1. Taking amide H atoms as placed 1.01 Å from N in the peptide plane, list the residues 5 or more away in sequence, or in a different chain, whose amide H sits under 5 Å from that of residue 5.
2. Cα-Cα pairs above 16 Å in region 4-115: how many percent?
3. Which whole-Hz ³J(HN,Hα) couplings does region 52-68 yield from phi under the Karplus relation 6.51 cos²θ - 1.76 cosθ + 1.60, θ = phi - 60°, glycine and proline marked x?
4. Describe numerically, in nm with one decimal, the distance between label points set 7 Å from Cα along Cα→Cβ at residue 19 and at residue 46.
5. Convert each backbone phi in region 8-14 into a coupling constant with the Karplus relation 6.51 cos²θ - 1.76 cosθ + 1.60 (shift: θ = phi - 60°), then list the ³J(HN,Hα) values in order as whole Hz, x for Gly and Pro.
6. Could you calculate the contour length gain from residue 4 to residue 81, that is, 0.36 nm times the residue separation minus the distance between their Cα atoms, to one decimal place in nm?
7. In the calculated pair distance distribution of region 9-60, what percentage of Cα-Cα distances lie above 19 Å?
8. Rounded to the nearest 500 deg cm²/dmol, what is the calculated helix-only ellipticity per residue at 222 nm for the chain, with -39500 (n - 2.57) per DSSP H run of length n ≥ 4?
Amino acid sequence: MDYKIVENSLFARIARMVLKSRNVAMVLGNNIHLSGVDRVTFLQDDGWLAHELCHIRQFREHGYFRFLWLYLKESMRVGYYNNKYEVEAREAGMKHKKHMLAAKKAAGSVKSADLPLPADVKKGV
Ligand SMILES: [Zn+2]
């Protein structure tokens, strides 16, 4: 999949400050914005990468602004954790390593942040 990684992203840094989190990965269109985690560390984490790639696919599927709107609406309706786009991304993050319990646990530690954006934080990075 075609995507770009933006390290030390201002957007992700703002999200990180709002969330008081150590690290944030946030997808906007084809770009994965990172703050508090570098590209190499992020790419080594298959589960996290797969999670964010799923958000990129969602942007493509629904269109940029339409997806942001759908994501926001869904979050207001059911909350961030149960947001169907986050559920789908979490499943994507676990799928390819289903047989590995440790990996599954690691992928499961990607948490959707309480923001009306597809932003995620990772515990223990
Ligand atoms: Zn997510």
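FYI, it's all coordinate maths here, none of it is from the lab. Keep in mind it's a predicted model, so treat the numbers as computed, not measured. Cβ placement follows ideal geometry from the backbone for every residue including glycine, while neighbour counts extend to all protein chains displayed.
1. HN-HN under 5 Å from residue 5: 32.
2. 59 percent
3. 3J(HN,Hα) across region 52-68, in whole Hz: 6, 4, 5, 5, 4, 4, 5, 4, 5, 5, 9, x, 4, 6, 5, 5, 4.
4. Each label point lies 7 Å from its Cα, and together they span 2.3 nm.
5. 6, 5, 5, 4, 5, 5, 4
6. Between residue 4 and residue 81, full extension yields 25.2 nm more.
7. 24 percent
8. -16500 deg cm²/dmol
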